[in-house]
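Visitor: Supplied in structure tokens, the structure appears directly below.
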Amino acid sequence: MKVVLVVHTPDPDRLCAQAALVSKWPKGWSEFKDLWNDKTDLQHLTDAIEKGHVSVIEHACFTFSLEGISRSCSHQLVRHRIASYTQQSQRYVQLQDPDAFVIPETIQENEKARKLFQEQLKAQFSTYERLIDLGIPKEDARFVMPNATKTNILVTMNARELLHFFALRCCERTQWELREVAWKMLTLAKKVAPLIFSKGGPSCVQLGFCPEGDLTCGKIKEIKEKAANL
């Protein structure tokens with residue numbers, strides 16, 4: 001798996017802080033932009049976020065390339081609707097690598113399970129190739145391929161939706177692969193927008209408590225430390 005921050009709104013913290021100031025300043029952005037002082041005026045963003053006025057961070061957008069994730073992972077990812085996605089097409093791209101599959105660690109660690117899994121993958125890939133050789137279109141031959149098949153996807157979200165995504169998908173209760181993707185995305189986003197994502201992480205980090213009730217993982221302290229050390 002590879003996660004890359006492809007592009008983002010320039011200086012996202014400053015832009016969103018200026019958006020916060022626009023809402024309470026008697027004059028327009030063009031009249032105060034040259035007087036901007038990061039040492040003092042970025043506080044407008046911190047104040048807005050602390051008060052829950054997070055619409056201002058929708059002005060910042062981030063595009064990530066997620067490479068080598070499974071189709072199982074991408075199916076979960078696209079359930080987040082306030083985003084734009086472009087995924088590698090199995091209609092036009094013929095699968096070439098017989099090892100282009102994600103194998104869960106639980107299967108990797110179990111010798112019998114790993115052997116069974118790999119045998120099935122080999123058989124499915126072989127059937128896929130034979131179907132294509134028989135003249136079956138790639139878009140139909142792909143029906144035989146499993147959720148483990150690797151894919152690449154480009155995803156764009158604004159900062160507000162990213163915070164919501166992190167709240168749900170950095171959580172220990174999230175499926176392991178998407179959780180790993182979410183933490184990698186958070187690490188990259190926090191480097192370029194440390195104020196916006198100062199409390200980025202699962203719900204327990206953003207809210208200060210776990211909303212999962214008796215389903216909590218019980219590791220709030222460790223997770224808070226992990227988020228703080230990104």
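Visitor: Would you be able to tell me the number of residues in the stretch 4-26 that are touching a residue at least 60 places away in the same chain (Cβ under 8 Å) and either touching an Asp or Glu at 6+ places or on another chain (Cβ under 8 Å) or among the hydroxyl-bearing types (Ser, Thr, Tyr) (or both)?
Guide: To start, the set of residues in the stretch 4-26 that are touching a residue at least 60 places away in the same chain (Cβ under 8 Å) comprises 4-6, 8, 12-13, 16-17.
So of that shortlist, the ones also either touching an Asp or Glu at 6+ places or on another chain (Cβ under 8 Å) or among the hydroxyl-bearing types (Ser, Thr, Tyr) (or both) come out as 4, 17.
Of the residues in that region, 2 qualify.
Visitor: Quick check on this structure: which one of Thr151, Thr86 is of a type outside the set (Gly, Ala, Ser) and in contact with a helix residue (DSSP H, G or I) (Cβ under 9 Å, 6 or more places away or on another chain)?
Guide: Thr151
Visitor: Can you find even one residue in the stretch 119-139 that is assigned to a helix (DSSP H, G or I), in the same structural domain as His80 (by TED's automatic domain parsing) and within 20 Å of Pro104 (Cα to Cα)?
Guide: Of all residues in the stretch 119-139, those assigned to a helix (DSSP H, G or I) come to 119-133, 138-139.
Subsequent filtering for residues that are in the same structural domain as His80 (by TED's automatic domain parsing) retains none.
Among the residues of the stretch 119-139, not one is assigned to a helix (DSSP H, G or I), in the same structural domain as His80 (by TED's automatic domain parsing) and within 20 Å of Pro104 (Cα to Cα), which makes the answer no.
Visitor: Name, by its number, the condition in (1) in a helix (DSSP H, G or I); (2) of a type in the set (Asp, Glu); (3) closer than 25 Å to Ser74 by Cα that does not hold for Glu172.
Guide: With (1) in a helix (DSSP H, G or I); (2) of a type in the set (Asp, Glu); (3) closer than 25 Å to Ser74 by Cα applied to Glu172, the lone miss is (1).
Visitor: In addition: Given the criteria surrounded by 11 or more Cβ atoms within 10 Å (Cβ to Cβ), touching a Pro at 6+ places or on another chain (Cβ under 9 Å) and either at pLDDT 95 or above or of a type outside the set (Val, Ile, Thr) (or both), does His59 qualify? Explain how you work it out, then say what you get.
Guide: Working: surrounded by 11 or more Cβ atoms within 10 Å (Cβ to Cβ): yes; touching a Pro at 6+ places or on another chain (Cβ under 9 Å): yes; either at pLDDT 95 or above or of a type outside the set (Val, Ile, Thr) (or both): yes.
Yes: the conditions hold for His59.
Visitor: Checking Ala182 against (1) among the small types (Gly, Ala, Ser); (2) assigned to a helix (DSSP H, G or I); (3) surrounded by fewer than 16 Cβ atoms within 10 Å (Cβ to Cβ), which single condition isn't satisfied?
Guide: (3)
Visitor: Could I ask something else about it? Quick one: how many residues across the stretch 185-230 are touching a Lys or Arg at 6+ places or on another chain (Cβ under 8 Å), part of a loop (DSSP other than H, G, I, E, B) and among the hydrophobic types (A, V, I, L, M, F, W, C)?
Guide: 3
Per-residue answers, yes or no, for (1) out of contact with any helix residue (DSSP H, G or I) (no Cβ under 9 Å at 6 or more places or on another chain); (2) at pLDDT below 95; (3) outside the structural domain of Ala141 (by TED's automatic domain parsing); (4) under 17 Å from Asn152 (Cα atoms):
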| position | (1), (2), (3), (4) |
| --- | --- |
| Trp29 | no, yes, yes, no |
| Asp34 | yes, yes, yes, no |
| Thr40 | yes, yes, yes, no |
| Ser65 | yes, no, yes, yes |
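Visitor: Kindly indicate whether Arg160 is closer than 30 Å to Ala17 by Cβ, surrounded by fewer than 19 Cβ atoms within 10 Å (Cβ to Cβ) and charged (D, E, K, R). Walk me through it before giving the result.
Guide: On the way: closer than 30 Å to Ala17 by Cβ: yes; surrounded by fewer than 19 Cβ atoms within 10 Å (Cβ to Cβ): yes; charged (D, E, K, R): yes.
So Arg160 fits the description; yes.
Visitor: Follow-up question, since we're still on this one. Quick check on this structure: which one of Leu116, Leu95, Leu77 is at pLDDT below 95 and either small (Gly, Ala, Ser) or surrounded by 11 or more Cβ atoms within 10 Å (Cβ to Cβ) (or both)?
Guide: Details: Leu116 fails: at pLDDT below 95; Leu77 fails: at pLDDT below 95.
Going through Leu116, Leu95, Leu77 in turn, just one is at pLDDT below 95 and either small (Gly, Ala, Ser) or surrounded by 11 or more Cβ atoms within 10 Å (Cβ to Cβ) (or both): Leu95.
The values are calculated or read from the model by the stated rules, or taken from the named source; none is laboratory data. Treat the numbers as computed from the prediction; the structure is a model and nothing was measured. When we count neighbours, we look across all protein chains shown, and the Cβ atoms used for this are built from the backbone with ideal geometry, even at glycine.
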